[in-house]
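The values are calculated or read from the model by the stated rules, or taken from the named source; none is laboratory data. Owing to the predicted nature of the structure, the values given are computational and were not obtained by experimental measurement. Note that each Cβ is placed from the backbone with ideal geometry, even for glycine, and that neighbours are counted across all protein chains shown. Ligands, DNA and RNA are stripped out before the accessible areas are found, and what is left, the full protein with its side chains, is counted by its heavy atoms. Shrake-Rupley method; radii C 1.70, N 1.55, O 1.52, S 1.80 Å.
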Amino acid sequence: MIDKNQKNIATFIHLSTFSRFFFPLGNFIGPIVLWVANKDKSDFIDAHGKQALNFQISILLYAIVLGMITIPFFIFNLLDGFQFISLTKPSPLLYISGGLGFVAVVGFILELVFIVKASLAAKEGLYYHYPLTINFIK
């Protein structure tokens, strides 16, 4: 039986990922501290802690890959003599970079939505599996 305390801890594990807006690496430090301190108390807390950390690690990996794809396009635009500023003939690289930037913004919004959904599921005593998550911690 999952009691209210376990539900609250699991909820705060997910919500603690928002601490990154207040201090660097808060999206890792907050969940790790809460998960390590409470993972032996309940399988429910352990499962939610692993999911939150796996999701954050996956998001970091996706952001690094997206950045590695986007940065060369930005550099090519700079080396091209700032022709992407021309209003009559924009560079195709600008469209590619803009598209990748759009993907990054949509990814950020989806990340926030998934964190809130996971928090609500934990609050209701349900298990939650983040989509597109690589299970680093099993």
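Scanning the stretch 52-64 for residues that are touching a residue at least 60 places away in the same chain (Cβ under 8 Å) and of a type outside the set (F, W, Y) yields A52, L53, N54, I57, S58, L61. Within the set L25, L34, L78, the sole residue that is more than 21 Å from K123 (Cβ to Cβ), at pLDDT 90 or above and not hydroxyl-bearing (S, T, Y) turns out to be L25. Of the residues making up the stretch 37-67, those that are hydroxyl-bearing (S, T, Y), open to solvent by 10 Å² or more (accessible area, probe 1.4 Å) and within 14 Å of the chain's Cα centre (by Cα) number 1. Tell me whether the stretch 13-21 contains one or more residues that are at pLDDT 90 or above, buried (at least 16 other Cβ atoms within 10 Å of the Cβ), touching a Ser or Thr at 6+ places or on another chain (Cβ under 7 Å) and at negative phi. Looking for residues that are at pLDDT 90 or above, buried (at least 16 other Cβ atoms within 10 Å of the Cβ), touching a Ser or Thr at 6+ places or on another chain (Cβ under 7 Å) and at negative phi, one finds at least one in the stretch 13-21, hence yes. Cβ-Cβ distances below 6 Å connect the following pairs, each with a first residue in the stretch 40-51 that is over 14 Å from N135 (Cβ atoms), a second residue that is of a type in the set (A, V, I, L, M) and open to solvent by 10 Å² or more (accessible area, probe 1.4 Å), and a separation of six or more residues or different chains: F44/I2; I45/I9. Within the stretch 108-125, residues that are at positive phi sit with their Cβ atoms under 6 Å from residues that are of a type outside the set (F, W, Y) and not in a helix (DSSP H, G or I), at 6+ positions apart or across chains, in these pairs: G125/I2.
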